[in-house]
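These notes are about the structure you will find just below.
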Amino acid sequence: MHEFIEAFKFIAHNGAVAGRPGLPTLTHLALETLRVGAIGVAISIVIAVPIGVWLGHVHRGSFVAINLGNIGRALPSLAVLAIGDAFLGLGLTVVELALVILAVPPIITNSYLAVDGVDRDLVDAAKGMGMSEGEILRRVELPLAVPLIFAGIRTAAVFVVSTTTIASLAGFSGSLGDVIANETSYHFSGVLGAAICVAALALAVEGALTLVQRALTPRGLLLAEPRRGRVRVADAMPA
Amino acid sequence: MASVSLAAAGPVIPDYSAQSSSCVVHNHLFCTDWISHNFSPILWPALRQHILLALAAVAIGFAISMALALAAHRYRRLERPTILVTTFLYTIPSLALFELLVAPVGPNVFSAEIALVSYTLLILFRNILTGLRAVPAEVLDAAEGMGMSRRQALWRVELPLALPAIVAGLRIAVVTIIALATIVYTIYDAGLGVPIHTALGEGPFKTELIAAGGLAILLALLSDALLVGVQRLLTPWARTRAS
Amino acid sequence: MTGRRMGRRSNVMVSATAALALALAVGLAACGSSSSSSSSSSTSSSTAAGGSSSTPGAGKPPITLGDKNFAEENILGALYAQALEAKGFKVTLKDNVGSSEIIYKALSTGRIDMYPEYTGVLLSAVAEQKTNPTSAEAAAQEAKTFLEKHGSTLLDTTPFYDSDALATLPSFATKNNLKSIADLKPLGKKAMLGGAPEFATRQEGVLGLKSEYGVDLTFKPIAIELAYKALESGQVDVQDVFTTDAQLLGGKFKVLEDPKHVFGFQNVAPVVKQSVLAAEGPAFAETLNKVSALLTIQAIQQMNKAVSIDKQSAATVAKQFLAANGLG
């Protein structure tokens, strides 16, 4: 327990360590973690949502969309970062590349499932009303798919927080992982304190995005009985 | 013969460079000669440890999740709190969770396994429960009509029918844990994270990075394929609807 | 505080924690120990075949030798372990136990019986001593005094020391007539000084350079693994390096002298439990001291090169060195 008390002191001091002036504050590192992560998530959304939505709309490529999720999960963040480092040298670009590689699959998979799973009767009805393909996508499929797409983004965001901290192990500095990777400077109390902050940050991101997701979910869907019998694509944690 | 005044004369330094490979010295992308020399002393032990770490975690995680899912299947109100707790555990980034466990448990294999197991729970619990729930009520009625006890129905009807969902969960869990086990090295000197760590500290040494990282990815993909095979063997009736 | 020798790589990327790992986990090492113990046992059999040495260690209680989580420590661990085995002592080598704080904890809780340590690191990180020793001998003596208060002791130190050092290209040194760090003073802010980010805030770094030598260059953070590249490419004029770096072999770089010892004293010596020393008999310390005496800066640089650049295993490198010097 003593260690946890010391860790909370470290947090209370915002990451200051006696005898080591000039270390970055925890607030700064937390914001950097979010910034690096947000860039990765943003790029991933731009790439993955259109692909997933389009595949779902044309009801094709289920094999690719779903197995992509599995392959993404099989990629250990550290290995991706390490291999990126081997080929390109470590820097923000390689870290963002790794984040995108890891965040794109769950977003594609979820976007695909979201649009593909929209009730065909609704789509047929919309066709019957004379809507064009584009209109069907915009006015029927997308609104219904938004919650599940967002669930994919949420999964990806939690991934990204985790991977951003792991990037410190590969030598990329600029996240809370720096503290965990540098026990020499921070002692174990600092490492533990940073671990608490990383956990809190991930939970906060998850919590905040869950709220947003709820706000985006059409009321009708909230009330509807959840579909049974379908194995949901479980969220995955990157390593 | 070693002379006593050896130190004064200075040490004899062997010519190490005679044995070095130019590919390795120049850190080319992939040196097969390094791999052939170092597979058995470095890569294989790391791979074996990695497999053991993952196997143990998935086995323990499966036992716990199965118990939780059976309980939640019977007592519905257990579902929400279980999901809440397992989601909480699942959301904590691996690097942080390992450290958080070091304080109470120590930097050892137990910390590593507790963390890995905790990441399997959400996936396995949710999939097992979904599988059990998906069994149509009529089927259960029929089982009851045939005079099966609740326990018999579970073992002979519900679990077999839930098998595809359970294996789907296992696939995700196995692949996830294999990926996560690369971080174990931060608290316990085992797994493919160890050579990745060594290689990162040396330049980075590309051959070792690619080999160790590649082995982790390959292991995950092969395990996944293996489980697909197992699923097909166990549930020939579900062959057409692979996850 | 010089953090480096506590775990050089930990600054770059990992975790002293990595290490935290093994420190206490050694007992459970179903997985971890197999590789190191197998390598050491193979060497002991081969040396036994050599047959030149007597075996005063036969029948003595087995010991566990730990080392920290970077290449140089792995080499030192292998050297001491194999030399002892050649004398018939039974040794289990635990590689990568962890940073100084952790490996010292492993020693004091009896999980390991000895480990190689840098004197300066021992004083700053373990003894938490605030004042700097004035000579290498003083550093060793102070470390020994501290250890003996806590049930351990320090054996003889190595001739080599692994401290921070400032290096330049020989051309730059010639042009500016640089021999010692003091000669950098006139260059002022025009010259670029590279170093790991924390170098800027350490007394054994930018602060000490300013207060001891009045040297105040423009600091540029450079990741440790890029140190020599930064010098070669001209990104920086002067770079923080380590005295035992393999890259310093062959004269491609010039190391500036540090007459005021801003970078402290970092010779290595085995830290051993006193009880162990007593139980093992005099040949034990004698053997370790013989090994230490051989470890000149050239010797350790060559071995570091063989491990870090040529990627040979620490065990093999150590074995060849001991064999060549009649200790294998």
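The values are calculated or read from the model by the stated rules, or taken from the named source; none is laboratory data. Small disclaimer: the values here were computed from a predicted structure and weren't measured. Here the Cβ positions follow ideal geometry from the backbone for every residue, glycine too, while neighbour counts run over all protein chains shown. Note: accessible area is taken over every heavy atom of the protein model, side chains too, but ligands, DNA and RNA are not part of it. Shrake-Rupley method; radii C 1.70, N 1.55, O 1.52, S 1.80 Å.
Brief remarks on what is shown
- Residues (farther than 25 Å from residue B:179 by Cα, surrounded by 14 or more Cβ atoms within 10 Å (Cβ to Cβ) and in contact (Cβ under 8 Å) with a residue 12 or more places away in the chain) located in the range B:24-44: B:24, B:27
- Residue that is nearest to residue B:96 (Cα to Cα), among those in the range A:1-19 that are of a type in the set (A, V, I, L, M, F, W, C) and touching a Gly at 6+ places or on another chain (Cβ under 8 Å): A:7
- Within the range C:313-325, the set of residues being under 17 Å from residue C:288 (Cα atoms) and either more than 8 Å from chain B (Cβ to nearest Cβ) or open to solvent by 40 Å² or more (accessible area, probe 1.4 Å) (or both) comprises C:315, C:318, C:319, C:320, C:322, C:323, C:324.
- Flag if residue C:120 is away from every other protein chain (no Cβ under 13 Å) and either open to solvent by less than 20 Å² (accessible area, probe 1.4 Å) or assigned to a loop (DSSP other than H, G, I, E, B) (or both): yes
- Test for residue B:134: is it in contact (Cβ under 8 Å) with a residue 24 or more places away in the chain, of a type in the set (Gly, Ala, Ser) and buried (at least 23 other Cβ atoms within 10 Å of the Cβ): no
- Number of residues in the range C:185-224 that are closer than 27 Å to residue C:133 by Cβ, modelled with pLDDT under 85 and either touching a His at 6+ places or on another chain (Cβ under 6 Å) or not aliphatic (A, V, I, L, M) (or both) equals 7.
- Counting the residues of the range C:216-235 that are in contact with a helix residue (DSSP H, G or I) (Cβ under 6 Å, 6 or more places away or on another chain) and not acidic (Asp, Glu) gives 6.
- Residue match in the range A:37-57 (condition: free of Cβ contacts under 8 Å to residues at least 60 places away in the same chain and open to solvent by less than 10 Å² (accessible area, probe 1.4 Å)): no
- Hey, residue A:180 without any contact (Cβ under 8 Å) to a residue 24 or more places away in the chain, within 12 Å of chain C (Cβ to nearest Cβ), open to solvent by less than 10 Å² (accessible area, probe 1.4 Å) and under 21 Å from the mean Cα position of the chain (by Cα) or not: yes
- Per the conditions (1) at the interface with chain A (Cβ under 8 Å from one of its Cβ atoms); (2) under 17 Å from residue A:158 (Cβ atoms); (3) at pLDDT 95 or above, the sole criterion not satisfied by residue B:85 is (1).
- The criterion of being within 18 Å of the chain's Cα centre (by Cα) and part of a helix (DSSP H, G or I) holds for residue C:143.
- Enumeration of residues in the range B:184-200 that are of a type outside the set (S, T, N, Q) and more than 18 Å from residue A:87 (Cβ to Cβ): B:184, B:185, B:187, B:188, B:189, B:190, B:191, B:192, B:193, B:194, B:197
- Residue list for the range C:123-140, restricted to those being assigned to a helix (DSSP H, G or I) and either of a type in the set (A, V, I, L, M) or surrounded by fewer than 23 Cβ atoms within 10 Å (Cβ to Cβ) (or both): C:123, C:125, C:126, C:136, C:137, C:138, C:139, C:140
- Given (1) hydrophobic (A, V, I, L, M, F, W, C); (2) at the interface with another protein chain (Cβ under 7 Å from one of its Cβ atoms); (3) under 15 Å from residue B:49 (Cβ atoms); (4) in contact (Cβ under 8 Å) with a residue 24 or more places away in the chain, number of the condition residue B:175 does not satisfy: (3)
- Any hit, the range A:102-113, residues being open to solvent by 30 Å² or more (accessible area, probe 1.4 Å) and either in contact (Cβ under 8 Å) with a residue 24 or more places away in the chain or within 22 Å of the chain's Cα centre (by Cα) (or both): no
- Residue match in the range A:76-86 (condition: among the hydroxyl-bearing types (Ser, Thr, Tyr) and touching a residue at least 12 places away in the same chain (Cβ under 8 Å)): yes
- Options B:27, B:38: the member that is under 15 Å from residue B:209 (Cα atoms), part of a loop (DSSP other than H, G, I, E, B) and among the polar types (S, T, N, Q): B:27
- Residues being in contact (Cβ under 8 Å) with a residue 12 or more places away in the chain, of a type outside the set (Val, Ile, Thr) and in a helix (DSSP H, G or I) - total across the range B:199-220: 11
- Filter result (assigned to a loop (DSSP other than H, G, I, E, B) and open to solvent by less than 10 Å² (accessible area, probe 1.4 Å)) within the range C:90-115: C:97, C:98, C:99, C:112
- Only listed residue being open to solvent by less than 80 Å² (accessible area, probe 1.4 Å) and within 30 Å of residue B:159 (Cα to Cα), chosen from B:84, B:47, B:53: B:53
- The listed residue being modelled with pLDDT under 90, among the charged types (D, E, K, R) and open to solvent by 30 Å² or more (accessible area, probe 1.4 Å), out of B:144, B:202: B:144
- Unmet criterion (only one of (1) farther than 30 Å from residue C:95 by Cβ; (2) more than 7 Å from every other protein chain (Cβ to nearest Cβ)) for residue B:198: (1)
- Within the option set B:52, B:78, B:68, being assigned to a helix (DSSP H, G or I), away from chain A (no Cβ under 14 Å) and under 14 Å from the mean Cα position of the chain (by Cα) holds for one residue only, B:52.
- Residues of the range B:67-81 classified as touching a helix residue (DSSP H, G or I) at 6+ places or on another chain (Cβ under 6 Å), open to solvent by 10 Å² or more (accessible area, probe 1.4 Å) and in contact (Cβ under 8 Å) with a residue 60 or more places away in the chain, total: 1
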